[in-house]
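Below you will find the structure I want to go over with you.
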Amino acid sequence: MAITNTKLNSKMDPNWCSGCGNFGIWAAFKHAAQEADWNNSNSVIVAGIGCHGHMVNFTEITGFQGLHGRPIPVASGIKIANHKLNVFVSTGDGDCMSEGGNHLIHAANRNNDITVLLHDNAIYGLTTGQSSPLSGKGFKSKSTPLGKIEDSINPLQVALASGATFIAREYSGNVKELSQLIIKASEHKGFAIIDILQPCVAFNKTNTHTFYRRNIYNLPESYEASDKNAAFAKVLEWGIKKIPVGIIYQENKLTYEQQLPQLNQDILINLPRNQKEINSLITKYS
Ligand SMILES: Cc1ncc(C[n+]2csc(CCOP(=O)(O)OP(=O)(O)O)c2C)c(N)n1
Ligand code: SF4
């Protein structure tokens, strides 16, 4: 699969650094969108603030970029307003695990039917290279010149413990595999997250393309993704030649939206509204 797919490009040319892992994620998403027929009228991408967030500007699919750390609640709201949409979140490791960490926990717990693409470069890219919660212990950066004191947070461990029903990992350079994984995550009914190992060539000299190419391995076919204990063991695996990629956990469970009786009849935005009541509420609280 070529990385030069130009369908679904917007009028803006990407301004990511040459070699940035975001190019692979973007290509994989566009391939997935073409194959699954995601378009402006049936899909939306919500992004946070960071280099990752520019994906909405470069892709010809309806996009929304809100506050740093808040794409998950915005996406959850969009899904409730129109549960027929395919709703994607493009978020960074700072965006998702620092400023927005609480939102990940609660959306996973609710099993909101959204697909989170975590652009995991283990650094704050846009603000030119400070440590993020996912940078490793001892990692030296502008904000931790003597090395990071605390351990890194493991995003999939947090997501699994919080109740996420689809958990996967892939390297941004494996465009074909990532593209198929994005389709599977979107087809999953419930909260899906893919931890995408995305090198930041400008500021992270540890989590490089070479590092990931050397150390990732595919989960064997015998791996049982419905076994939660096995999934916990897998998400804890990290180290030399020990980074499993593929679907780590998948569970069938009612989504938040399936349990909202209001959504049984039609999408929320089509349901009749009592405008008089809404106007009186607005007047009362304005
Ligand atoms: C509430 C808030 N805090 C801080 C910032 C400044 N800021 C903008 S992007 C960013 C970090 C982005 O890092 P990450 O989410 O990992 O995305 P990346 O740029 O690496 O893709 C920060 C701290 C902000 N815009 N808003
Ligand atoms: S700063 Fe890092 S994450 Fe941002 S575009 Fe450049 S390589 Fe990519």
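The values are calculated or read from the model by the stated rules, or taken from the named source; none is laboratory data. If you're wondering where the values come from, they're calculated on a predicted model, not measured in any experiment. A quick note on method: Cβ atoms are made from the backbone with ideal geometry, for glycine too, and the neighbour counts reach across all protein chains shown. Accessible surface is based on the protein model in full, side chains and every heavy atom, while ligands, DNA and RNA are left aside. Shrake-Rupley method; radii C 1.70, N 1.55, O 1.52, S 1.80 Å.
For the list (1) part of a loop (DSSP other than H, G, I, E, B); (2) more than 24 Å from Y171 (Cα to Cα); (3) open to solvent by 10 Å² or more (accessible area, probe 1.4 Å), I need the number of the one condition that N112 fails.
N112 satisfies every listed condition except (3).
Turning to a different aspect of this structure: Please pick out the residue among F211, F203 that is within 16 Å of ligand 2 (Cβ to nearest atom), assigned to a loop (DSSP other than H, G, I, E, B) and open to solvent by 40 Å² or more (accessible area, probe 1.4 Å). Let's see the steps before the verdict.
On the way: F211 fails: assigned to a loop (DSSP other than H, G, I, E, B).
Of F211, F203, the one residue that is within 16 Å of ligand 2 (Cβ to nearest atom), assigned to a loop (DSSP other than H, G, I, E, B) and open to solvent by 40 Å² or more (accessible area, probe 1.4 Å) is F203.
If you don't mind, another one. Confirm whether A168 is in a helix (DSSP H, G or I) and within 14 Å of Y249 (Cα to Cα).
Working: in a helix (DSSP H, G or I): no; within 14 Å of Y249 (Cα to Cα): yes.
No: the conditions fail for A168.
Return the pairs, sorted by first residue and then second, in which the second residue is aliphatic (A, V, I, L, M), the first residue lies in the stretch 127-146 and is away from ligand 2 (no atom under 14 Å from the Cβ), the beta carbons are less than 6 Å apart, and the residues are 6+ apart or on different chains.
P133/M97; P133/I153
Are there any pairs with C-beta distances below 8 angstrom linking a residue in the stretch 190-207 that is within 18 Å of P145 (Cβ to Cβ) and touching a residue at least 24 places away in the same chain (Cβ under 8 Å) to a residue that is more than 16 Å from ligand 2 (Cβ to nearest atom) and part of a loop (DSSP other than H, G, I, E, B), with the two at least 6 apart or on different chains, and if so which?
Note: pairs meeting the criteria are T206/G136.
Tally the residues that are away from ligand 1 (no atom under 16 Å from the Cβ), more than 16 Å from K184 (Cα to Cα) and either among the β-branched types (V, I, T) or in contact (Cβ under 8 Å) with a residue 60 or more places away in the chain (or both), restricting the search to the stretch 19-55.
So the answer is 2.
Within the stretch 56-71, track down each residue that is open to solvent by less than 10 Å² (accessible area, probe 1.4 Å) and touching a residue at least 40 places away in the same chain (Cβ under 8 Å).
Within the stretch 56-71, F58, T59, I61 qualify.
Hey, another quick one. Could you look through the stretch 8-40, keep only residues that are assigned to a loop (DSSP other than H, G, I, E, B) and in contact with a Leu (Cβ under 9 Å, 6 or more places away or on another chain), and pick out the one that is most open to solvent (accessible area, probe 1.4 Å)? Steps first, answer last, please.
Initial filter on the stretch 8-40 (assigned to a loop (DSSP other than H, G, I, E, B)): 8, 10-21, 37-40.
Narrowing the set further to residues that are in contact with a Leu (Cβ under 9 Å, 6 or more places away or on another chain) leaves 21, 38-39.
Working: G21: 2, W38: 15, N39: 47 Å².
Only one residue fits best here, namely N39.
Can you tell me which of K84, K137 is farther than 28 Å from G147 by Cα and either under 14 Å from the mean Cα position of the chain (by Cα) or modelled with pLDDT of 95 or more (or both)?
Values: K137 fails: farther than 28 Å from G147 by Cα.
Result: K84 is the single residue among K84, K137 that is farther than 28 Å from G147 by Cα and either under 14 Å from the mean Cα position of the chain (by Cα) or modelled with pLDDT of 95 or more (or both).
Still on this structure: Within the stretch 115-126, restricting attention to residues that are within 17 Å of V46 (Cα to Cα) and within 11 Å of ligand 2 (Cβ to nearest atom), which residue is surrounded by the fewest Cβ atoms within 10 Å (Cβ to Cβ)?
In the first step, residues of the stretch 115-126 are kept if they are within 17 Å of V46 (Cα to Cα); the result is 115-120.
Next cut, within 11 Å of ligand 2 (Cβ to nearest atom) only: 119-120.
Numbers: H119: 31, D120: 28.
The selected residue is D120.
Can I ask one more? Among the residues of the stretch 82-109, how many are away from ligand 2 (no atom under 16 Å from the Cβ) and either farther than 19 Å from K30 by Cβ or open to solvent by less than 10 Å² (accessible area, probe 1.4 Å) (or both)? Lay out the reasoning, then the answer.
Residues of the stretch 82-109 that are away from ligand 2 (no atom under 16 Å from the Cβ), as a first pass: 82-89, 99-109.
From the residues that got through so far, the ones that are either farther than 19 Å from K30 by Cβ or open to solvent by less than 10 Å² (accessible area, probe 1.4 Å) (or both) too are 82-84, 87-89, 99-109.
Final tally of qualifying residues: 17.
Same structure again: Kindly provide the set of residues from the stretch 242-268 that are assigned to a helix (DSSP H, G or I) and either exposed (fewer than 10 other Cβ atoms within 10 Å of the Cβ) or of a type in the set (G, A, S) (or both), ordered by number. Lay out the reasoning, then the answer.
Step one: filter the stretch 242-268 for residues assigned to a helix (DSSP H, G or I), giving 257-259, 261-263, 268.
Once the filter is applied, which keeps residues that are assigned to a helix (DSSP H, G or I) and either exposed (fewer than 10 other Cβ atoms within 10 Å of the Cβ) or of a type in the set (G, A, S) (or both), the stretch 242-268 yields only P261.
Name every residue in the stretch 50-62 that is under 14 Å from the mean Cα position of the chain (by Cα) and either of a type in the set (A, V, I, L, M) or on the phi < 0 side of the Ramachandran plot (or both), in order of residue number.
Here is the first cut: in the stretch 50-62, the residues under 14 Å from the mean Cα position of the chain (by Cα) are 50-56.
If the condition is that a residue be under 14 Å from the mean Cα position of the chain (by Cα) and either of a type in the set (A, V, I, L, M) or on the phi < 0 side of the Ramachandran plot (or both), then C51, H52, G53, H54, M55, V56 are the ones that fit.
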